[in-house]
Amino acid sequence: MLLSGPNLNLLGEREPAVYGSDTLDDHVAAARAAAEELGYSLEHFQTNHEGALVEAVHAARGRADAIIVNAGALSHTSWSLHDALAAFAGVVVELHLSNPAAREPFRHVSTIAPVADGSIAGFGGLGYPLAVEAVVRMLNATRAQ
């Protein structure tokens, strides 16, 4: 499951110097292609509403092996998303196109990081297939144990 938060529907138009010129559809297509190449399918959901993201995490419980989440600015403010992800039993990877640690101070703290297995940030669009690869490697390592 790939979850995209507020304003990510504006990728390609919004602050291209920070987020690049690729659209969200471009990033989802890259993630989906990486997943399929590794033998997995990928479902995507984007919303500008915090509660809808929480509900998507709840709906993924028992259905998805992993969640990759680019929650946008909610990464720094949403304790409800944090709590929902904490209740998800699969792999969780936090994803950011930019590097929050190199940006405004309010972006330096993530509410998602404490409940994520890992974070991928600052690699632009490359982060999407990297996140898929990380998820698959973690799933394979867990299953090999």
**Report entry** MRE, 222 nm, helices only [DSSP H, n ≥ 4, -39500 (n - 2.57), over the chain, to nearest 500]
**Finding:** -11500 deg cm²/dmol
Query raised in the report: So between LEU126 and THR77, what do we pick up on full extension, going 0.36 nm a residue minus the alpha carbon distance?
Result: 15.1 nm
Query raised in the report: Quick one: if the Förster radius is 22 Å, what FRET efficiency do ARG103 and ARG137 give, using the C-beta to C-beta distance and rounding to 0.05?
Result: 0.20
Query - In segment 1-39, GluC sites (Glu not before Pro) in a DSSP loop with at most 11 other beta-carbon atoms within 10 Å - result: GLU13
Query raised in the report: Which residue, PRO100, PRO129, PRO16, has the most motion in a Gaussian network model of the chain that connects Cα atoms within less than 10 Å?
Result: PRO16
Report task. Restrict the search to segment 1-98; then list the trypsin sites (Lys or Arg not before Pro) that DSSP places in a loop and that have at most 15 other Cβ atoms within 10 Å of their Cβ. Result -> ARG14, ARG61, ARG63
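Since every read-out is calculated from the coordinates, none of them should be taken as a lab result. It should be emphasised that the depicted structure is a prediction, and the values quoted were computed from it without experimental measurement. Every residue, glycine among them, receives a Cβ derived from its backbone with ideal geometry; neighbour counts consider all protein chains shown.
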